[in-house]
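For reference, the structure is listed below as structure tokens.
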Amino acid sequence: MTLTTYNGAGVPSFMYGTAWKKDATTRLVLQAVEAGFTAIDTANQLIHYDEARVGEALLTLAKKGITRDQLFLQTKFTPVNGQDHRTPYDANADITTQVKQSFESSLTHLHTDHLDSYVLHGPYHRGGLGPEDWEVWTALEALYDDAKTKLIGISNVTASQVALLCERAKHIPMVVQNRCYAAFGWDKAVRDLCRTHHIIYQGFSLLTANREVFIDPHIRAIAEKYETGVAQIVFRFAMQVGMLPLTGTTNPLHMVEDLRCDQFTLTADELQQIETIGL
Ligand SMILES: NC(=O)c1ccc[n+]([C@@H]2O[C@H](COP(=O)([O-])OP(=O)(O)OC[C@H]3O[C@@H](n4cnc5c(N)ncnc54)[C@H](OP(=O)(O)O)[C@@H]3O)[C@@H](O)[C@H]2O)c1
């Protein structure tokens, strides 16, 4: 299934995330694509990701006939405060230059001349948006205007930060990527705002951020009814309430199982039960 952004681009409805895969990144990306994933999320941030190893997998896939246009590639610009000493840009340069250098380095790592989605990993400020955030956003807008990326987005944001971008930006984000806690109604405030502005909400750590959900008797009963696992129920719930989920599994069997989560449909009552499970 494909979702459509407000500017008319298609985004696969499930994404494979490459954080914390280290040396296994290349093998896992190959296995994820073999399992059926067509969208890959990474970041130009060596603390948590290995973008160049994602690129190695892409070279192997190309040799097997899976070409660039068959895949959706999303990566991120990570500001200095989210990097260690291995910044993919001159950390002393102005922010616009940092974004340009990081973007070019991502293209090199991923052996491509454009991205499908380019995301600011997180604002510099916790509350509101400061001058640095606006400078990055303007640099991302320039990449979008130059057709170097089909989409731009932001991650790790509050509802008020998304609202500010929607009020003042030349191009509002096409995607927002957040950690999705059941305890906050699965990030309901941000999801609602995204729905209002036709922004695709990408939910990450749906499993790891919600371990208590796995032992909840209601969700276990729903999983039993559909003869599946709680992970698949969580991913299916995410899709049915309008999210684009990411999975970070390292297990090829889980990859296949997760992709099968669109083979059943939860009822409105079940969606309501899951949406309020952590409140
Ligand atoms: N923007 C950001 O700041 C940010 C931050 C964090 C993550 N992310 C993105 O989100 C992606 C996913 O994050 P995550 O790894 O926390 O996601 P996740 O899918 O919630 O967690 C993966 C963990 O759940 C386990 N798991 C158990 N059963 C599973 C099943 N059936 N399917 C999938 N996983 C199962 C996995 O174990 P097994 O390996 O044994 O399956 C693994 O330990 C990351 O790779 C990254 O791309 C973005």
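A short reminder: the numbers here are calculations on the coordinates, not readings from a lab. Only a predicted model underlies this, so the values are computations on that prediction, with no experimental measurement involved. Every residue, glycine as well, gets a Cβ built from its backbone with ideal geometry; the counts of neighbours run over all protein chains shown.
Quick one: in the range 230-244, of everything that is more than 8 Å from the ligand (Cβ to nearest atom) and in contact (Cβ under 8 Å) with a residue 60 or more places away in the chain, which residue is surrounded by the fewest Cβ atoms within 10 Å (Cβ to Cβ)? Filtering first and then ranking leaves Met239. Within the range 21-37, being aliphatic (A, V, I, L, M) and buried (at least 20 other Cβ atoms within 10 Å of the Cβ) holds for Leu28, Val29, Ala32, Val33.
Taking the range 151-171 as the region of interest, how many residues are surrounded by fewer than 21 Cβ atoms within 10 Å (Cβ to Cβ) and either outside any helix (DSSP H, G or I) or out of contact with any His (no Cβ under 6 Å at 6 or more places or on another chain) (or both)?
Going residue by residue through the range 151-171, those that are surrounded by fewer than 21 Cβ atoms within 10 Å (Cβ to Cβ) are 156, 158-160, 163-164, 166-171.
After this cut, where a residue has to be either outside any helix (DSSP H, G or I) or out of contact with any His (no Cβ under 6 Å at 6 or more places or on another chain) (or both) as well, the list is 156, 158-160, 163-164, 167-171.
Residues that pass the stated criteria total 11.
If you go through the range 232-279 and pick out every residue that is part of a loop (DSSP other than H, G, I, E, B) and in contact with a His (Cβ under 8 Å, 6 or more places away or on another chain), you end up with 1. Working only within the range 210-224, note down all residues that are in a helix (DSSP H, G or I), out of contact with any Lys or Arg (no Cβ under 9 Å at 6 or more places or on another chain) and touching a residue at least 12 places away in the same chain (Cβ under 8 Å). If the condition is that a residue be in a helix (DSSP H, G or I), out of contact with any Lys or Arg (no Cβ under 9 Å at 6 or more places or on another chain) and touching a residue at least 12 places away in the same chain (Cβ under 8 Å), then Glu212, Val213, His218, Ile219, Ile222 are the ones that fit. Show the residue pairs that are 6+ apart or on different chains and have beta-carbon atoms under 7 Å apart, the first residue being within the range 74-100 and farther than 22 Å from Glu141 by Cβ, the second being of a type in the set (S, T, N, Q). Between residues of the range 74-100 that are farther than 22 Å from Glu141 by Cβ and residues that are of a type in the set (S, T, N, Q), the close pairs are Gln83/Gln45. Pairing each residue of the range 188-209 that is at positive phi with any residue that is away from the ligand (no atom under 16 Å from the Cβ), provided the two are 6+ apart or on different chains, yields C-beta distances under 7 Å for His198/Tyr6.
Looking across the range 120-146 at every residue that is closer than 20 Å to Thr42 by Cα, in contact with a helix residue (DSSP H, G or I) (Cβ under 7 Å, 6 or more places away or on another chain) and not hydrophobic (A, V, I, L, M, F, W, C), the one that is farthest from the ligand (Cβ to nearest atom) is identified as Tyr124. The set of residues from the range 108-135 being crowded, with 22+ Cβ neighbours inside 10 Å and among the β-branched types (Val, Ile, Thr) comprises just one member, Val119. Summed over the range 114-147, the residues that are farther than 22 Å from His48 by Cβ, in contact (Cβ under 8 Å) with a residue 24 or more places away in the chain and in a loop (DSSP other than H, G, I, E, B) give a count of 5.
Just checking, which of Glu275, Glu257 is without any contact (Cβ under 8 Å) to a residue 60 or more places away in the chain and either of a type in the set (Asp, Glu) or more than 18 Å from Met15 (Cβ to Cβ) (or both)?
Details: Glu275 fails: without any contact (Cβ under 8 Å) to a residue 60 or more places away in the chain.
Checking each option against the conditions leaves just Glu257.
For Glu227, the stated conditions hold: it is in a loop (DSSP other than H, G, I, E, B), within 15 Å of the ligand (Cβ to nearest atom) and more than 21 Å from the chain's Cα centre (by Cα).
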